[in-house]
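Let me begin by presenting the structure, written as structure tokens, before commenting on it.
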Amino acid sequence: MVYEHNNPDERDVELVAATVPDWESYDTVFIGYPIWWGIAAWPVDGFIEANDFTGKTVVPFCTSASSGLGQSGELLAEAAGTGNWLEGGRFSSGASEATIQAWLEELGL
Ligand SMILES: Cc1cc2nc3c(=O)[nH]c(=O)nc-3n(C[C@H](O)[C@H](O)[C@H](O)COP(=O)(O)O)c2cc1C
């Protein structure tokens, strides 16, 4: 991962699966990832590129040691090119269920 961090051209990670059954049936999609060097862990990029987010509300969320969500959501939205991307949220890796629940209620989706 350090190698890939230092060589962005080498970040093309082949995913075991990049599509979701019945994708069309979802109005809202949550995209979760750990933060790597301030951005979304790049294996997520392949999922974003493989899917059409047209007409969907997309909620990025991340875990991190200390970094905030930063520009990670915006960068994914840019890569996707479609979808109504919300600002999203950041959690520590041990975030409690109550914390997640409160965030979901705040989103009011
Ligand atoms: C390659 C790599 C880079 C990371 N870079 C950051 C970072 O820039 N900022 C940060 O707060 N945490 C960083 N972390 C910590 C991860 O975000 C953290 O371990 C993860 O969100 C916790 O999820 P997990 O419990 O699924 O491992 C990094 C972790 C790895 C493996």
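Among bridges DSSP assigns within the chain, what percent are antiparallel (round to 5)? Rounded to the nearest five, the antiparallel share is 15 percent. The helix-only estimate of mean residue ellipticity at 222 nm for the chain, built from DSSP H runs of length n ≥ 4 each weighted as -39500 (n - 2.57), is -8000 deg cm²/dmol after division by the residue total.
The magnitude of the dipole of segment 28-107, with charges of +1 and -1 set on the Cβ of Lys/Arg and Asp/Glu and taken from the Cα centre, is near 120 debye. When the chain is described by a simple charge dipole with +1 on each Lys and Arg Cβ and -1 on each Asp and Glu Cβ, the residue from 44, 25, 67 located farthest towards its positive end is 67. Between the C-alpha center of segment 87-109 and that of segment 28-44 there is a gap of 15 Å. Is the shape of the chain best called rounded, prolate or oblate, per the rule: a/c under 1.5 gives rounded, else a/b larger than b/c gives prolate, else oblate, with a ≥ b ≥ c the square roots of the Cα gyration tensor eigenvalues? In terms of gyration-tensor shape, oblate. Near residue 81, once Lys and Arg are set to +1 and Asp and Glu to -1 for all other residues with Cβ below 14 Å from its Cβ, the sum equals -4. For the chain, the relative contact order comes to 24 percent (Cα pairs under 8 Å, sequence separation of at least 6).
Taken together, the values in this text are just the output of simple stated rules run on the coordinates, not laboratory data. Not measured: the values here are computed from a predicted model. Cβ atoms come from the backbone with ideal geometry, glycine included; neighbour counts cover every protein chain shown.
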